[in-house]
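Working notes, beginning with the structure itself.
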Amino acid sequence: MLKTPSPPVGVSETRAPSGALDQPPLRIAFLSYRSDPRVGGQGVYLSQAAAALARRGHSVDILSGPPYPDVPAGVRLITLPSLDLYNQPHNGHRALRWKHLVSWTDTAEYFGHWAGKFMEPWSFGRRAARYLRAHRRDYDVVLDNQSLSQGLLEIERAGLPVVGVVHHPIRRDLELALAAEPRWGMRLLIAQWYSFLKMQEKVAPRLNDVILVSEAAARDVALCLDVDPQVMNVIHLGIDQEIYKPQPDIRRRDNRLLTTASADVPLKGLKHLIEAYSTLLETYPRLELVVIGKLREGPTAQMLDDLNLLDRVSFIHDLSNEEVAEQYARATICVTPSLYEGFGLPAAEAMSCGAPVIVTDGGALPEVVGDAGVVVARGDSAALARAIAALLDDPARRADLGAAARQRARTAFSWSRVAAAYETVLRRAVARKC
């Protein structure tokens, strides 16, 4: 049976409950191998989760590789530089220096990158383990943001309890990427890039405490990572509701679809929304599609060109949290067309802003929206177009869905509640080590 911790009763958002519970605050090392919120939802999660734990009175240090996170008030950043090969000219292939050869971690990261492997989870874990061995007495517990690296086992052997956070098993990404790629040579390269999964699938079953962000993610983690359900704790993500909230001073548009998607990641299902949009333009010629993400050369750009939509679909990126919230406030409908999500942070953020949402039945998305959104079959462009058209034609239903979405987000996605549940798991991990 999955364990879902209940937060202590009467805990407020700003007052730390540790004193009320007569327990000292925890000293938490929060690990994340890449953490910039502008390059992925896990960076958004990291900053908000760290801030929520700090508000409860705990000492939180983020240990991160580049790109680094936005560091909230009351939280300290410990940088663990990698070779940062994906941010180098020539894709990092000329980044090796003599000094790197004295470090097995640097050398392996470089040559693994040359071989087409994604090495950052493994190399970050080694650097984090080295740092924490030297600073063992500075922390009570380690919280890992889905590196699931070999280094976590070294950290536990050094005497620090480890709690792993898993948003979803990355094997789902691999399966969808392979299914979308017909060329056998590219399929081999994709499989090589995802070779770090072998490490994660060995490490995850050996952790004593694992936090999952949804029931759907928990089921898949049990299946793909062979994690014992007895060590799982399902805790939904929170939303920063000081930022993601209704903005009455911003007019919601009548003909704007908004989505957040990495353009050429099959898991995000953007191609199906573009197909739906192309169909909808025949009936709604003024309809806009805005994508929070970056368009690069690749299948999505080619598809837009083939459909004569390059000038109709807008891509915006490098937005602050506040700017993203403004986009949600302007949107007529927010769409999450993903084929799979372990949680679905953009959908929850849009709901918190009072936007009507349409999602697929991929992974945890129905669990996130509940009765406060429209759910269609994943990968079904025609069904997506029909659902969008129905809402475009019914302003009253859009208003009702937006109000229901806001109410659900306020109650279900409170960081105060999430942080209290995290604390329960973290203290249990510490007690087990004592």
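The table for this structure:
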| read-out | value |
| --- | --- |
| Subset of segment 282-298 that is more than 25 Å from Asp36 (Cα to Cα) and surrounded by 15 or more Cβ atoms within 10 Å (Cβ to Cβ) - its residue that is farthest from the chain's Cα centre (by Cα) | Tyr284 |
| First in segment 125-152 and free of Cβ contacts under 8 Å to residues at least 40 places away in the same chain, second anywhere and of a type in the set (A, V, I, L, M), Cβ under 7 Å, 6 or more apart | Ala129/Ile155; Arg133/Ala158; Arg136/Ala158; Arg136/Leu160; Gly151/Ala128; Gly151/Ala129 |
| Residue check for Leu281: farther than 27 Å from Ala412 by Cβ and at pLDDT 95 or above | yes |
| Only listed residue being more than 27 Å from the chain's Cα centre (by Cα) and at pLDDT 80 or above, chosen from His100, His168, His93, His135 | His135 |
| Matching residues, segment 150-178, being over 23 Å from Ile235 (Cβ atoms) and of a type outside the set (S, T, N, Q) | Gly151, Leu153, Glu154, Arg157, Ala158, Gly159, Leu174, Glu175, Leu176, Ala177, Leu178 |
| Which listed residue is without any contact (Cβ under 8 Å) to a residue 40 or more places away in the chain, surrounded by fewer than 18 Cβ atoms within 10 Å (Cβ to Cβ) and of a type in the set (A, V, I, L, M), from Ala382, Ala387, Ala372, Ala377 | Ala377 |
| So Arg286, is it of a type in the set (Lys, Arg) and within 22 Å of His317 (Cα to Cα) | no |
| Residues of segment 326-338 that turn out to be buried (at least 24 other Cβ atoms within 10 Å of the Cβ) and touching a Lys or Arg at 6+ places or on another chain (Cβ under 6 Å), as a count | 1 |
| Residues of segment 138-164 satisfying the condition of being on the phi > 0 side of the Ramachandran plot, under 22 Å from the mean Cα position of the chain (by Cα) and not aliphatic (A, V, I, L, M) | Gln146 |
| Filter pass, Tyr68 being crowded, with 21+ Cβ neighbours inside 10 Å and modelled with pLDDT under 95 | no |
| Failed condition for Pro24, given (1) at pLDDT 85 or above; (2) over 26 Å from Gly342 (Cα atoms); (3) buried (at least 18 other Cβ atoms within 10 Å of the Cβ) | (3) |
| Any hit, segment 220-234, residues being of a type in the set (A, V, I, L, M, F, W, C), assigned to a strand (DSSP E or B) and under 19 Å from the mean Cα position of the chain (by Cα) | yes |
| Segments classed as helices (runs of 4 or more DSSP H), wholly inside segment 123-204, with at least 3 members that are closer than 30 Å to Gly269 by Cβ and in contact with a Gly (Cβ under 7 Å, 6 or more places away or on another chain) | 184-193 |
| Enumeration of residues in segment 182-204 that are without any contact (Cβ under 8 Å) to a residue 60 or more places away in the chain and farther than 23 Å from Leu153 by Cα | Pro182, Arg183, Trp184, Gly185, Met186, Arg187, Leu188, Ile190, Ala191 |
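Results for (1) surrounded by fewer than 21 Cβ atoms within 10 Å (Cβ to Cβ); (2) in contact with a helix residue (DSSP H, G or I) (Cβ under 6 Å, 6 or more places away or on another chain); (3) under 19 Å from Ala329 (Cα atoms); (4) of a type in the set (Asp, Glu), shown as yes or no for each residue.
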position: Ile250; (1), (2), (3), (4): yes, yes, yes, no
position: Leu257; (1), (2), (3), (4): no, no, yes, no
position: Ser262; (1), (2), (3), (4): yes, yes, no, no
position: His272; (1), (2), (3), (4): no, yes, no, no
position: Ser278; (1), (2), (3), (4): yes, no, no, no
position: Gln302; (1), (2), (3), (4): yes, no, no, no
position: Asp305; (1), (2), (3), (4): yes, no, no, yes
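The values are calculated or read from the model by the stated rules, or taken from the named source; none is laboratory data. Quick caveat: nothing in here was measured; it's all calculated off a predicted structure. FYI the Cβ positions are ideal-geometry reconstructions off the backbone, even for glycines, and counts take in every protein chain you see.
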